[in-house]
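Please treat every number below as a calculation from the coordinates, not as lab data. Here the structure is a predicted model, which is why all the values come from computation and not from measurement. Counting neighbours? That spans all protein chains shown, and the Cβs are built from the backbone with ideal geometry, glycine included.
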Protein chains: 2
Amino acid sequence: MSWEEKILKVEPYVAGEQPKEKDIIKLNTNECPYPPAPGVEAAIRELAADADRLRLYQDMDATPLVQALAAQYGVGEEQIFVGVGSDDVLALCFLTFFSSASKEQPLLFPDITYSFYDVWANLYRIPFKTMPLKEDFSIDPVDYIPSLSGQSNAGVIFPNPNAPTGLELAPPEVERIIEGNPDSIVIVDEAYVDFGAQTALPLLKKYENLLVVQTFSKSRAMAGARVGFAIGNEKLIRYLKDVKFSFNSYTMNLPSIRIGTASAKDTAWFKETTGKIAATRERFKAELRRLGFLFPDSKSNFVFAKHPAFTGADLQARLRERKIIVRHFNKPGISDYLRITIGTDAQMDRVVEALREILA
Amino acid sequence: MSWEEKILKVEPYVAGEQPKEKDIIKLNTNECPYPPAPGVEAAIRELAADADRLRLYQDMDATPLVQALAAQYGVGEEQIFVGVGSDDVLALCFLTFFSSASKEQPLLFPDITYSFYDVWANLYRIPFKTMPLKEDFSIDPVDYIPSLSGQSNAGVIFPNPNAPTGLELAPPEVERIIEGNPDSIVIVDEAYVDFGAQTALPLLKKYENLLVVQTFSKSRAMAGARVGFAIGNEKLIRYLKDVKFSFNSYTMNLPSIRIGTASAKDTAWFKETTGKIAATRERFKAELRRLGFLFPDSKSNFVFAKHPAFTGADLQARLRERKIIVRHFNKPGISDYLRITIGTDAQMDRVVEALREILA
């Protein structure tokens, strides 16, 4: 075998466009249209004055950030795990919690969902099975409950709200899945929960097998800082840390610990910003409806919409001509849809205007 | 199987102590005793003024940093891969380049070496074989050359200088290993190369199967920023990026890209700082010799030393009583040794003084 034949070859992921042009309305990667909490800038200034500190390895437990999150969510510090974005946290969760999977007892997740689940499963050689969404894009809890579906599993993961549909699974349904899996770990990926959906965090008091994962990338306007976290019972978090520290002791860097902490502490900014985005989303949905668009009732910071008169790819291209970038997934079952991130009111007004022109 | 039985359980790694006391001389994790390049502080101030930018995903190619490194090392931009510390880069290299390993064709590395190699190999289920160092702790190139040793391999990795010995393998010997493995990728892990050892980078012009990995943690005084990189031919770097982007598109955050770039550009600071540390190391070695210590001739920013009159653990404890923290590895073949990071001249004078007291 030559050295080149020995290399692992994969299909690289193509992320949403990060345009360099000015004047673009960028609604393709679910970023927040508002700047981070004011404390973030202050924390960066403090770090500048303290730049000498960078020569040392940072606190690998990211203690100040963990403390701020524990206070924010009313849980113990030992219930929190932080990582370099929720992708980092989730990938580690796959490795830690789903490695027992087999063909007979696979990991379960929806067939239309976050596109990295199957990637991580393949990376760690975790057999998985995808469960079809219902016609209306909703998750059927029955599919994930062994006693009802006859399908045993090594674990369950789903985003709530789901991506890229934006649909929320109601709390009682989420609880049914957790309760119905006393022998498996259920991960609720709440990357998009902060815009009006309900978190599963209160269920932690009742269920040891639940892990909730969230991120600072969307609702805290810090995609560029890479901060994600998991909350669960102490035992799960300890196992997760053991695996993490076994192969890489230091990942979240000092700047992220500092600015993440500043952000986590600012509840007022957080409520105001996520509230604004949710209000803009509702206005935008009303406009879309008027224009004849069809879409699941998103509770996230994006809307997943199609129009009977256009293909998704066509509509995406026509918006791009008007300097508006949205996301299109060329996948079975969803290729007619566009995922449109919620920007500011002014940005969404321009989108509506552009759509009116296109439909005229 | 209960949910707890389904979890992957590992032995957590115990990193060097990060003390909270004041007045400690911390020589246990090979950090730089001097602050980062002055441009780093300036870059943080600029980031504060530009904190709004954190709401967006950063440039996943870390372009400015890659450009600065390409200029620094006289290679093409497409020859560079950057990651969240060299641990992140190395782990990804294991996955990308060594996944073809089998019991008959294992990955090869020294038996006394960086402690994460076997961890990553196990993580990715890569069969490996460790080759014993010679009596004097040096690497024998013959062990790694299939035509000489009869041992075929799926790849070779070794640190140069080696850790925790600090010993450099001379450039012609490094070249012998690369040349003797035309069908395998050879990774030279140069975390400690900048303190007087010679880099394998010039060999990139002759050998396609060579990859060099370096870090900002030691010689650039930025352990807390998590910046590492690999340099190799375009093909290797492309394969590495494909694997990386297949499962996590964004890892190096915006602050690290900004401050890494500022640091990479400052050649004068870099030369001065690494030169100072190398000079302090030579002074310290002379003192150790006078005190009766035995040690391989380190070319790194630490010295790996033992004293005939003490066990390693005992000497470590006695230094700790004197507020000096050094590293001790309780492993076969090296448990008599201490790994002592090179600090400032003043710090090393205090270490010598403490050792004199202990030996008196």
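Residue count for the range A:292-332 satisfying the condition of being outside any strand (DSSP E or B) and more than 14 Å from A:MET348 (Cα to Cα): 26. Against the definition (more than 10 Å from every other protein chain (Cβ to nearest Cβ) and buried (at least 24 other Cβ atoms within 10 Å of the Cβ)), how does A:ALA221 come out, yes or no? Answer is no for this residue. Would you check if A:GLU168 is buried (at least 23 other Cβ atoms within 10 Å of the Cβ), away from chain B (no Cβ under 14 Å) and more than 30 Å from B:LEU92 (Cα to Cα)? When the stated conditions are applied, A:GLU168 passes them. Filtering A:PHE245, A:PHE284, A:PHE270 for residues that are in contact with a strand residue (DSSP E or B) (Cβ under 9 Å, 6 or more places away or on another chain), in a helix (DSSP H, G or I), touching a residue at least 40 places away in the same chain (Cβ under 8 Å) and more than 20 Å from A:TYR117 (Cα to Cα) leaves a single hit, A:PHE284.
If only residues of the range B:311-360 that are hydroxyl-bearing (Ser, Thr, Tyr) and out of contact with any Asp or Glu (no Cβ under 8 Å at 6 or more places or on another chain) are counted, the one that is surrounded by the most Cβ atoms within 10 Å (Cβ to Cβ) is B:TYR337. Taking the range B:251-265 as the range and being of a type in the set (Lys, Arg) and more than 10 Å from chain A (Cβ to nearest Cβ) as the test, only B:LYS265 passes. Number of residues in the range A:13-72 that are surrounded by 16 or more Cβ atoms within 10 Å (Cβ to Cβ), of a type in the set (Gly, Ala, Ser), on the phi < 0 side of the Ramachandran plot and more than 7 Å from every other protein chain (Cβ to nearest Cβ) equals 6.
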